[in-house]
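The values are calculated or read from the model by the stated rules, or taken from the named source; none is laboratory data. Just so we're clear, the structure is a prediction, and the values are computed from it rather than from any experiment. Virtual Cβ from ideal backbone geometry, glycine too; neighbours counted across all protein chains shown. Note: areas computed on protein heavy atoms with side chains; ligands, DNA, RNA excluded. Shrake-Rupley method; radii C 1.70, N 1.55, O 1.52, S 1.80 Å.
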Amino acid sequence: MKAVIQRVLKADLKVDGELISKIGKGLLIFLGVGKGDTEEDAKKLANKISKLRIFSDENDKMNLSVADIGGEILLVSQFTLFADCKHGNRPSFIDAEEPINANNLYKFMESTLKNLQNTVKIGIFGADMKINALNDGPVTIILDSKDLK
């Protein structure tokens, strides 16, 4: 399971011009589910994300988590994080999980993050989403559940 985490001042997500989700200060997370990923991967990733100290404290040091600042999370499914571009110019997505299993793990990640004292909003799995974000920093962190202990 892979996550691209962006610190944002605000973000919103629309589908077919309709506002689906909107957050203020917090994290915009693009989540990719790969073949073989499990609920254990989601738990490890959610725990790491909840505790990431990437928000500034009173001394302007990155020392606070999203929960510490009362921030929100916008969680967006993105199978393209598993793009394989080794051969040719057209990406292969063979390592991305099948949609039914990926959606189940996406929903599990949402509930796990919520249980860790976070306000979580989501997109629509499989939809063509339009996302506007005002990055803060910018701060972008890439995590892979396979690399976490």
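Among the candidates ASN47, ASN63, ASN59, the residue that is open to solvent by 40 Å² or more (accessible area, probe 1.4 Å), within 14 Å of the chain's Cα centre (by Cα) and of a type outside the set (Lys, Arg) is uniquely ASN47.
Reported count of residues in the range 74-131, each being within 20 Å of SER50 (Cα to Cα) and among the small types (Gly, Ala, Ser), is 3. Among the residues of the range 106-120, those that are at pLDDT 95 or above, of a type outside the set (Val, Ile, Thr) and open to solvent by less than 70 Å² (accessible area, probe 1.4 Å) comprise TYR106, PHE108, MET109, GLU110, SER111, LEU113. State whether one or more residues within the range 96-105 are modelled with pLDDT under 95 and part of a loop (DSSP other than H, G, I, E, B). Checking the range 96-105: not a single residue is modelled with pLDDT under 95 and part of a loop (DSSP other than H, G, I, E, B).
All of (1) in contact (Cβ under 8 Å) with a residue 12 or more places away in the chain; (2) surrounded by fewer than 20 Cβ atoms within 10 Å (Cβ to Cβ) hold for CYS85 with one exception: (1). Among residues that are surrounded by 13 or more Cβ atoms within 10 Å (Cβ to Cβ) and either farther than 18 Å from ASP41 by Cβ or hydroxyl-bearing (Ser, Thr, Tyr) (or both), PRO91 is included.
Give me the pairs, please: first residue somewhere in the range 95-122 and more than 17 Å from LEU74 (Cα to Cα), second residue anywhere and open to solvent by 50 Å² or more (accessible area, probe 1.4 Å) and in a loop (DSSP other than H, G, I, E, B), beta-carbon distance under 7 Å, and either six or more positions apart or on two chains. Every condition considered, the pairs that remain are ASP95/LYS35; GLU97/LYS35; PRO99/GLY126. Going through (1) under 13 Å from LEU31 (Cβ atoms); (2) of a type outside the set (Val, Ile, Thr); (3) over 13 Å from the mean Cα position of the chain (by Cα) one by one, ASN115 falls short only on (1).
Scoring ILE100 on the criteria (1) of a type in the set (A, V, I, L, M); (2) open to solvent by 50 Å² or more (accessible area, probe 1.4 Å); (3) touching a helix residue (DSSP H, G or I) at 6+ places or on another chain (Cβ under 9 Å) leaves a single failure, condition (3).
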